[in-house]
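Some notes on the structure that comes next.
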Amino acid sequence: MSRIVKFARVLRRNPKKSIFFSAVLAGGVNYGNNKYEESQMMRAFCEEAMVYGERSRPLGEPERHVTVLLNPTAKGSKGKAHFERYCAPLLHLAGIKVAIVKTEHEGQARDLMEIMENTNAVVVAGGDGTLGEVLTGLLRRVDHDEAAQRFPLGILPLGNTNTCTSAIWGFQGDPGPRHLAEATMAIVQDIKRPMDVMEITPLQSPEQEGEPMPKSVYAASMVEWGAYRDAANRKEAYWYWSFLKRYMTYVFSSYKDITWDCSAQVEYSAPCSGCSRCHADTGPQNTKKDNTPETPRRWWMAYIPKPKLVLGSKSDEEKIDYSTIINEECGVMHKTTITNICDVCLSTKNTPQSLEVPSYAVALKTGPVDIGTFEFIKEGWSREWNKVKNYASETIVGEITLRPTGETKTKKGIDRELNIDSETFEVRPMRIKAKPSAVTIFAPINPPSTAHGG
């Protein structure tokens with residue numbers, strides 16, 4: 001008892017030290033509690049994965065084999081550690097053969113997907129940039145329609161930006177261990193659904209006539225162009241501000257030579273879900289059963305695996321006769337201009353703020369006209385704090401062509417840039433259109449509950 005009284009007197013005589021050590025103790029207890037909950041969560045996921053690994057397979061069914069394209073520099077090299085801690089154990093416990101390929105330079109994931117063979121699935125372990133490379137490589141193939149079905153994609157949110165996966169799994173901010181484990185278990189459970197992408201085709205300007213035509217690029221979520229994009233990309237230059245760098249970049253960028261003028265000529269068509277114009281080769285489908293007798297069942301057929309249908313894919317949907325659907329607005333191009341704005345975004349439904357966009361459409365979002373310095377900083381800070389981007393207008397389009405009319409070079413003569421799924425490209429004329437159900441991914445149709453947070 002005397003020791004307790006003595007300890008209490010020490011605390012009373014040293015209030016500053018008492019407050020400091022109390023805060024350290026509380027932080028330690030909270031850290032330990034979080035680690036305990038995380039270990040219990042991973043234990044439950046591992047036990048679930050083991051059930052799949054110990055399950056007997058039908059005679060003749062080969063082992064599942066997945067190829068992981070891992071970006072080892074994702075999230076400041078933390079992505080690799082997170083993959084090994086939260087994702088790889090579940091794949092191994094499920095009895096899946098895993099081949100890990102670590103990308104060594106920009107564009108390698110795209111090149112690998114163009115020649116990918118001998119695997120049942122491809123797992124993208126990285127952020128939006130790695131995913132964009134994989135989609136571009138996959139859809140540039142000569143056999144892209146067949147390859148998109150042969151190589152379903154597992155997407156693990158391990159990058160600095162995870163816009164697409166945040167829409168798929170319903171989290172905000174940085175993904176937590178639960179989101180990584182849930183994305184991995186979708187691969188283990190073989191839960192598939194189609195995913196829409198958009199095709200970005202660079203166009204030649206009059207000065208570039210005679211040069212080779214650039215190839216199309218494919219993106220899952222968005223194209224960003226303007227001052228907010230430039231400011232966000234500059235935040236690492238203010239590393240000495242520590243955690244405040246993501247806010248201070250908007251302050252310092254407000255008087256820098258960034259893209260304040262996103263003026264452009266715009267041609268767009270209204271979205272069309274399918275009609276006789278855009279599906280001219282699609283005639284009426286014969287939905288009646290023919291008179292061919294069914295193959296009699298044999299006892300050994302029970303041991304042959306049945307083909308699995310992808311939820312929401314064309315194989316399990318009723319065929320539609322588009323020849324009877326008339327849409328006079330399909331393919332009709334409308335012209336307009338955008339001026340005196342510093343923020344342009346084109347997004348698919350694979351972004352948290354565009355979930356209601358139809359699969360056959362793209363959302364064109366533009367910022368306010370003639371924005372001032374205070375409003376610019378205020379909106380930039382709001383985007384960092386709330387993870388929500390505010391726009392002045394939004395238009396749903398089917399296909400759109402942007403031809404920049406503002407200054408596309410900096411004062412130093414360097415080409416201005418824009419982001420396509422976090423990848424950097426120079427600003428130039430481009431045509432963008434939606435490609436619904438272009439690829440197959442491992443994910444549920446509806447995102448899981450976000451009760452566990454991010």
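The values are calculated or read from the model by the stated rules, or taken from the named source; none is laboratory data. This structure is a prediction, so every number in the text was calculated from the model and none was measured. All Cβ positions, glycine included, derive from the backbone under ideal geometry; neighbour counts span all protein chains shown. For the accessible areas, the whole protein counts, side chains as well, though only heavy atoms, and no ligand, DNA or RNA atoms are used. Shrake-Rupley method; radii C 1.70, N 1.55, O 1.52, S 1.80 Å.
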- Task: Enumerate the pairs (first residue in region 232-257 and over 14 Å from Trp385 (Cβ atoms) and open to solvent by 50 Å² or more (accessible area, probe 1.4 Å); second residue anywhere and of a type in the set (Lys, Arg) and not in a helix (DSSP H, G or I)) with beta-carbon separation below 6 Å, excluding pairs fewer than 6 apart on the same chain, so at least 6 apart or on different chains.
- Result: Asp257/Lys411
- Message: If a residue counts only when it is under 20 Å from Thr130 (Cβ atoms), touching a Pro at 6+ places or on another chain (Cβ under 7 Å) and not aromatic (Phe, Trp, Tyr), which strands (runs of 3 or more DSSP E) contained entirely in region 142-257 have at least 1 such residues?
- Response: 153-157, 192-202
- Note on the structure: Among Ala99, Ala81, Ala88, Ala49, the single one that is in contact (Cβ under 8 Å) with a residue 40 or more places away in the chain, open to solvent by less than 60 Å² (accessible area, probe 1.4 Å) and within 30 Å of Thr119 (Cβ to Cβ) is Ala49
- Message: Can you find, within region 110-131, the residue that is most open to solvent (accessible area, probe 1.4 Å) among those that are in contact (Cβ under 8 Å) with a residue 12 or more places away in the chain and more than 14 Å from Gly154 (Cα to Cα)?
- Response: Asn118
- Message: Could you check region 135-178 and list, in sequence order, the residues that are within 12 Å of the chain's Cα centre (by Cα) and under 17 Å from Val197 (Cβ atoms)?
- Response: Leu135, Leu153, Gly154, Ile155, Thr161, Asn162, Thr163, Cys164, Thr165, Ser166, Ala167, Ile168
- With respect to Lys75, determine if the residue is on the phi > 0 side of the Ramachandran plot and either open to solvent by 20 Å² or more (accessible area, probe 1.4 Å) or under 18 Å from the mean Cα position of the chain (by Cα) (or both). yes
- Query: For region 200-207, does any single residue satisfy the condition of being in contact with a Gly (Cβ under 7 Å, 6 or more places away or on another chain) and open to solvent by less than 20 Å² (accessible area, probe 1.4 Å)?
  - Reply: no
- Query: Could you say which residue among Ile377, Ile396 is among the hydrophobic types (A, V, I, L, M, F, W, C), within 19 Å of Asp261 (Cβ to Cβ) and touching a residue at least 60 places away in the same chain (Cβ under 8 Å)?
  - Reply: Ile377
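Let's see how each residue does on (1) open to solvent by less than 10 Å² (accessible area, probe 1.4 Å); (2) closer than 30 Å to Cys275 by Cβ; (3) touching a Pro at 6+ places or on another chain (Cβ under 7 Å):
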site: Thr337; (1), (2), (3): no, yes, no
site: Thr351; (1), (2), (3): yes, yes, no
site: Leu364; (1), (2), (3): no, yes, no
site: Gly372; (1), (2), (3): no, no, no
site: Ala392; (1), (2), (3): no, no, yes
site: Glu399; (1), (2), (3): no, yes, no
site: Leu418; (1), (2), (3): yes, no, no
site: Thr440; (1), (2), (3): yes, yes, yes
- Message: Going by what's in this entry, would Lys411 be described as more than 30 Å from Gln149 (Cα to Cα), assigned to a loop (DSSP other than H, G, I, E, B) and either open to solvent by 60 Å² or more (accessible area, probe 1.4 Å) or touching a Cys at 6+ places or on another chain (Cβ under 9 Å) (or both)?
- Response: yes
